[in-house]
1. Among the numbered criteria (1) hydrophobic (A, V, I, L, M, F, W, C); (2) part of a strand (DSSP E or B); (3) closer than 30 Å to residue 1 by Cβ, which one does residue 110 miss?
2. Among the candidates 29, 1, 87, 55, which residue alone is in contact with a Ser or Thr (Cβ under 6 Å, 6 or more places away or on another chain) and acidic (Asp, Glu)?
3. Can you pull out every residue in region 19-63 that is under 22 Å from the mean Cα position of the chain (by Cα) and closer than 29 Å to residue 83 by Cβ?
4. Where residues in region 19-70 are open to solvent by less than 50 Å² (accessible area, probe 1.4 Å), at pLDDT 90 or above and in a helix (DSSP H, G or I), which of them is nearest to residue 175 (Cα to Cα)?
5. Just to check your reading of the model, which residue among 36, 136 is touching a Pro at 6+ places or on another chain (Cβ under 9 Å) and of a type in the set (Lys, Arg)?
6. What pairs come up if the first residue lies in region 1-15 and is in contact (Cβ under 8 Å) with a residue 40 or more places away in the chain and open to solvent by less than 10 Å² (accessible area, probe 1.4 Å), the second is part of a helix (DSSP H, G or I) and β-branched (Val, Ile, Thr), and their beta carbons are under 6 Å apart, counting only those six or more places apart or on different chains?
7. Which members of region 133-149 meet the condition of being in a loop (DSSP other than H, G, I, E, B), open to solvent by less than 50 Å² (accessible area, probe 1.4 Å) and modelled with pLDDT of 95 or more?
8. For region 77-94, enumerate the residues that are surrounded by 16 or more Cβ atoms within 10 Å (Cβ to Cβ) and in a helix (DSSP H, G or I).
Amino acid sequence: DLTDMMQTQVVEDIRRVYRPNWTRRKMTDASYYEARVPEVPPMLLELLSHQNYTDMKYGLDPNFRFFVSRSIYKSLLKFIAYQYKTDYVVQPLPVTNFSTEFYDKKKTSVFLSWEPQEDSLETTATPSKYVVYTSRNDGGWDNGTLVDAPHCVMPIDSGVIYNFKVTALNDGGESFPSEVLSVCKGKSS
């Protein structure tokens, strides 16, 4: 079941987004060491051939690699939900178009905005909230500020370099973070 669900998920996703005639390879029940020894449900996935130029173009594309990794994650999530007869929610994609600008003339706060990235292949992946993480100067990241909308206003102090990043949330988890944006208001004279 796991092998069939994963192969179906990966191949159908690739066919919808990258290549409509992507070949679905046959499933084999062979006694490979990697599949025989683990004490968890194993499966081996062969996706690309190093002897095929087109396959290697896909294999070297970081967007394709992320896309296929997400398909594998979704198939594992669906397999577990199927095994336990429960619903599932897919983790949201990272936000896009993250930007910042000073919010007021005195530059005591910044307006942060971003756009949720919809997953056209998975309706459950819609974000419901966001977390804005902040670090000051060379310090570490805080625990984040939870916000409901794809924008917020954050206070800032003079002479401090602020770094911001945003993640999307839903019942399936937290997305990968956005790029980091930095803001600094010069010291007043």
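1. It is condition (3) that residue 110 fails.
2. Just a single option satisfies the conditions, and that option is 55.
3. Passing the criteria: 45, 47.
4. Among those that are open to solvent by less than 50 Å² (accessible area, probe 1.4 Å), at pLDDT 90 or above and in a helix (DSSP H, G or I), it is 70.
5. 36
6. No pair meets every condition.
7. The answer is 144, 149.
8. If the condition is that a residue be surrounded by 16 or more Cβ atoms within 10 Å (Cβ to Cβ) and in a helix (DSSP H, G or I), then 77, 78, 79 are the ones that fit.
The values are calculated or read from the model by the stated rules, or taken from the named source; none is laboratory data. All values reported here derive from a predicted model rather than from experimental measurement. Using ideal geometry, Cβ is built from the backbone for each residue, glycine included, and neighbour counts are taken over all protein chains shown. Keep in mind that these areas ignore ligands, DNA and RNA; they rest on the heavy atoms of the full protein, side chains included. Shrake-Rupley method; radii C 1.70, N 1.55, O 1.52, S 1.80 Å.
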